[in-house]
1. On the given criteria, is residue 263 more than 24 Å from the chain's Cα centre (by Cα) and of a type in the set (A, V, I, L, M)?
2. Would you please name the residue that is nearest to residue 207 (Cα to Cα), looking only at residues in region 228-246 that are at pLDDT 90 or above and open to solvent by 70 Å² or more (accessible area, probe 1.4 Å)?
3. Just give me the residues in region 54-85 being assigned to a loop (DSSP other than H, G, I, E, B), open to solvent by 60 Å² or more (accessible area, probe 1.4 Å) and on the phi < 0 side of the Ramachandran plot, in sequence order.
4. Does residue 292 meet the test of being outside any loop (DSSP other than H, G, I, E, B), of a type outside the set (Gly, Ala, Ser), without any contact (Cβ under 8 Å) to a residue 40 or more places away in the chain and open to solvent by 50 Å² or more (accessible area, probe 1.4 Å)?
5. Looking at residue 131 and the list (1) modelled with pLDDT of 80 or more; (2) under 13 Å from residue 49 (Cα atoms), which single condition is not satisfied?
6. Quick test for you: out of 59, 41, pick the one residue that is in contact (Cβ under 8 Å) with a residue 12 or more places away in the chain and under 18 Å from the mean Cα position of the chain (by Cα).
7. Between a first residue in region 146-164 that is part of a helix (DSSP H, G or I) and a second residue that is open to solvent by less than 60 Å² (accessible area, probe 1.4 Å) and polar (S, T, N, Q), which pairs have beta carbons less than 6 Å apart while being 6 or more apart in sequence or on different chains?
8. Before we move on, is residue 272 part of a loop (DSSP other than H, G, I, E, B), surrounded by 13 or more Cβ atoms within 10 Å (Cβ to Cβ) and out of contact with any strand residue (DSSP E or B) (no Cβ under 6 Å at 6 or more places or on another chain)?
Amino acid sequence: MNEKNNLKSVAKSTFNETAVDDGFLILMFRNDESVAQNVAKDIDSSFIQFHFCIKGGTKFVFNQGRYSLDIHEENSLLLYNPQRELPIDLEVEPNSWIVSILISIKKFHGLFSEEADYISFLSGDNKDKKYYKDGVITPSMAIVLNQLINYSLNSSIKQLYFKGKAYELLSLYFNRSEDADVEQCPFLVDEANVIKIRKAKDIIVLRMAEPPTLQELADEIGLNIKKLKEGFKQIYGDSVFSFLFDYKMEVARKLLEAGDDNVNEVGHKVGYSTSSHFIAAFKKKYGTTPKKYVMSLG
């Protein structure tokens, strides 16, 4: 495994680069400082770049600072330009975490083979064109990204673990439901509705312990239930309550890791009136009980 820290390590900040396969790299940068940090790396033009901002914000700088793109918390950015190199030049904001997957076009094609027709930038007409796409990190993707950045298992299995998680992340990134063609969806054309759906997400996250019903949520954001359900699925790739379940379980996992609350208290904080219901939900999500999970952290 080719693993190196090719940047100066700064107190409270970590940069990690791991080669998981030929033409397949994972870069992770945690800036836990109160000031912005810069990350730079030369990238061959044959690489497709996937950047995921888990926390905070990051600015991508191009052409020696003549052009920049912002990527905000819970958002992703896909970059590919076979005509010219796109070196990574990032300005990572204070208290920000970013994970990047770099994969050569050759290896990427090999993953999808003939099944890649629906990935627009791989189609025959586009294969030599530059491509840029931003998107939203779904709860499922957020869990994988957090597992990568908080990796604490034995170093001997790191390459295998990272490889599996990188493939899982790419499969979630390109997953799309059979009945939802985002490219053609007229719903998303209406920016006002997108804002309402994002507001709905903020409401259920804020009130996760006592979430509103679908009807109450629809009334609060000013959309009918049908548009709420369709729009939420389009933007976040999941139903409202499936998203909320994933979010609650992720919060619960972090609370357990912090160690300030017992299992019962964590359950209450994420909205379970009895510890047995919380334990069952946690086990359904992670395949283990909260108590065993805490013990495994030891």
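1. Here the answer is yes, as residue 263 does meet what is asked.
2. 241
3. Once the filter is applied, which keeps residues that are assigned to a loop (DSSP other than H, G, I, E, B), open to solvent by 60 Å² or more (accessible area, probe 1.4 Å) and on the phi < 0 side of the Ramachandran plot, region 54-85 yields 66, 73, 83, 84, 85.
4. yes
5. Here residue 131 clears every test but (1).
6. Values: 41 fails: under 18 Å from the mean Cα position of the chain (by Cα).
None of the other options fit; the residue is 59.
7. 162/18
8. yes
The values are calculated or read from the model by the stated rules, or taken from the named source; none is laboratory data. Being a predicted model, the structure only gives us computed values, none of them experimental. Positions of Cβ are generated from backbone atoms using ideal geometry, with glycine treated the same way; all protein chains shown enter the neighbour counts. Accessible surface areas use protein heavy atoms only, side chains included; no ligands, DNA or RNA. Shrake-Rupley method; radii C 1.70, N 1.55, O 1.52, S 1.80 Å.
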